[in-house]
Amino acid sequence: MKNFHCGGKQRLFMFTEKLSELIASGISLQKALFIIAAFPYQDKKLSDGAAFLHSALLGGTKFSAALKMLPSIPVPEWYIAYITVAEECACIGPVLAHLRKMLCHERERGRKCLEAMLYPMIVIFLTAFAGFFFVFAFLPQFSLLFGGKGDELKIRATQVLLYANTALLSLFLFLFIVVRKMLAVSPCLNVFRTMAFLSQYSVPTLTAVSCAFSFSEREKSVASALLAVRKALLEGELLSTCFGDCFQRSGFKLEGIILSENLLLSQETGKSDGFEKTAAYFSERQKNKERIFLSLLQPLMLLIAAAYITVIIKTAFLPYLIESGGFV
C-alpha cells in the first residue's frame, strides 16, 4: 500500500469515525484504541496516534488529558471539552457519535464552498479567455482594415483588457469571501446544538455551557453571551430568562427571543427540547439562506461575464465601426 498523508482535519475525522464505530459495537475504549493502532492504515500517523493514546490510558492518564498531548493528530480545544464532559457523565459513545456528526458538518461546509465556487471560477476563466482571444487573436485581423490606426486601438484595447482582468480577479476573491461567509454556520447554532445534545444525557447546564464556550472563544459576542449566561445561572436566574436576555444583550436579538420562548415553553410542558427546537429553527433558516444565495449566484455571474465582454467589445471594436461610418 502506498503511504497516504492526509490533512489534520481529515485525520481527526477518520480517527473519530473509527473510534465511534468500535465503541458503538460494545468494545471498550482501550481495546478500540488498540485495534485502531494495530490496523495497517494508509496514514501511519493515525495508527501512531491511536497507539500513543492506548499507551497513555494504560499508564493511568485520562483520555481527555492524553488528547492534549497527542503529537500526530491536532485536536482542537472544543473537541477535548466534549471528551471531558463524556468522561464526567460516562457517555463516551454518544459523544463520539456527536463529534463525528459535527466533523461531518464541517467537511460538508467545505464541500459546499468548493462546489459553489466551481461555477464562478469556470465562468470567470472562460470570460477572461474570451477577452484575451478578442484582443490578441481576432482584433489584429480586424485592424488590418484600418491601416495605421489599428496599432493605436490595439494598445488601448490591451490596457482595458488588463484593467478588466484585474477587476475580474478582485471580484472573484471578493466573491470567495462572500461565499465562505454565507455558507458559514452561525456560532449561535453550534451553541444550541451542543446544549440540545448534552441536555439529552442530563449533563448539568453549567457544564454544558462551559463545553459550548470552548469552541466559541474566537466569536467574542457569543463568548461574552455564554459568560453572562454562566454568571446569571450561578446567581440563580431562570434558564429561559438568562439565556434569552444574555444573547439579546450580546447582539443576537432574534436568537435570544426564539430561544427564550422555546425554553419557556419547554419549562411549562416539562420537556427538555427547547434548545433542540431552536437549533432546528435556525438550521432550517440557514438552509433557506444558502438555497437563495446559490440560486442567485448563477445569474449574477452571467451578468458579470456579459458586462466584461461588452466593455472589451466597446473598447476594441466600436472605434472601428465608428471609423467605417457606423456600419454594423
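Numbers for the structure displayed
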read-out	value
Spin-label model distance (nm) - Leu302 vs Phe129, 7 Å beyond Cα toward Cβ	2.0
Contact order normalised by residue count of the range 25-87, Cα under 8 Å, 6+ apart, percent	25
Label selected from (1) 28.4, 91; (2) 19.1, 58; (3) 19.5, 61, the criterion being Rg and Dmax of the Cα atoms in Å as computed here	(1)
Contact order relative to length of the chain, as percent, for alpha carbon pairs under 8 angstrom and 6 or more apart	16
Trypsin sites (Lys or Arg not before Pro) restricted to the range 151-232 and DSSP loop, no more than 12 other C-beta within 10 Å	Arg218
Cleavage-rule hits (GluC sites (Glu not before Pro)) in the range 183-288: DSSP loop, at most 13 neighbouring Cβ within 10 angstrom	Glu217, Glu235
Accessible area of Ile258 in the full protein assembly, 1.4 Å probe (Å², nearest 10)	30
Set of aspartates and glutamates with alpha-carbon distance to Lys277 below 14 Å, sequence-local pairs under 8 removed	Glu255, Glu261
Net charge of Cβ neighbours under 14 Å - reference Ile35; Lys, Arg +1; Asp, Glu -1	0
Loop-located chymotrypsin sites (Phe, Trp or Tyr not before Pro) in the range 223-304 whose Cβ has at most 14 other Cβ within 10 Å (DSSP)	none
The chain: angle of helix 239-249 to the longest principal axis, Cα-based, in degrees nearest 10	30
Folded to 0 to 90 degrees: helix 44-58 orientation relative to the chain principal axis, Cα	20
For the chain, calculated [θ]222 nm from helices alone, where every DSSP H run of n ≥ 4 adds -39500 (n - 2.57)	-26500 deg cm²/dmol
Set of lysines near Lys9 by C-alpha distance (under 25 Å), chain-local residues within fewer than 8 positions excluded	Lys18, Lys31, Lys44, Lys45, Lys62, Lys68, Lys101, Lys112, Lys181, Lys220, Lys287
Estimated distance in nm for a label pair at Glu268 and Arg109, the labels positioned 7 Å out from Cα along Cα-to-Cβ	3.4
Per residue, in Å², the accessible surface of the chain once ligands and nucleic acids are set aside, probe 1.4 Å	56
The chain - percent of accessible surface contributed by carbon and sulfur, probe 1.4 Å	63
Sequence-separation-based contact order of the range 229-278, relative, with Cα cut under 8 Å and 6+ spacing, percent	26
Max mean-square fluctuation residue, GNM over the chain, Cα-Cα springs under 10 Å, options Leu198, Leu234, Leu161	Leu234
Linear extension gain, Leu169 paired with Tyr201, 0.36 nm per residue minus alpha-carbon span	6.5 nm
Estimated FRET transfer efficiency (Asp48, Gln159; beta-carbon r; R0 45 Å; 0.05)	0.20
Using alpha-carbon coordinates, inclination of helix 274-316 to the longest axis of the chain, degrees	10
Extension reserve of the Lys287-Ile35 stretch, reckoned as 0.36 nm per residue once the Cα distance is removed	86.9 nm
Radius 13 Å from Cβ of Ser186, net charge of other residues (Lys, Arg +1; Asp, Glu -1)	+2
Contour minus Cα-Cα distance for Met121 and Glu261 (0.36 nm per residue)	46.0 nm
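The values are calculated or read from the model by the stated rules, or taken from the named source; none is laboratory data. Model, not experiment: these values are computed from the prediction. Backbone-built Cβ (ideal geometry, glycine too); neighbour counts: all protein chains shown. These area figures cover heavy atoms from the full protein model, side chains too; ligands, DNA and RNA do not enter into them. Shrake-Rupley method; radii C 1.70, N 1.55, O 1.52, S 1.80 Å.
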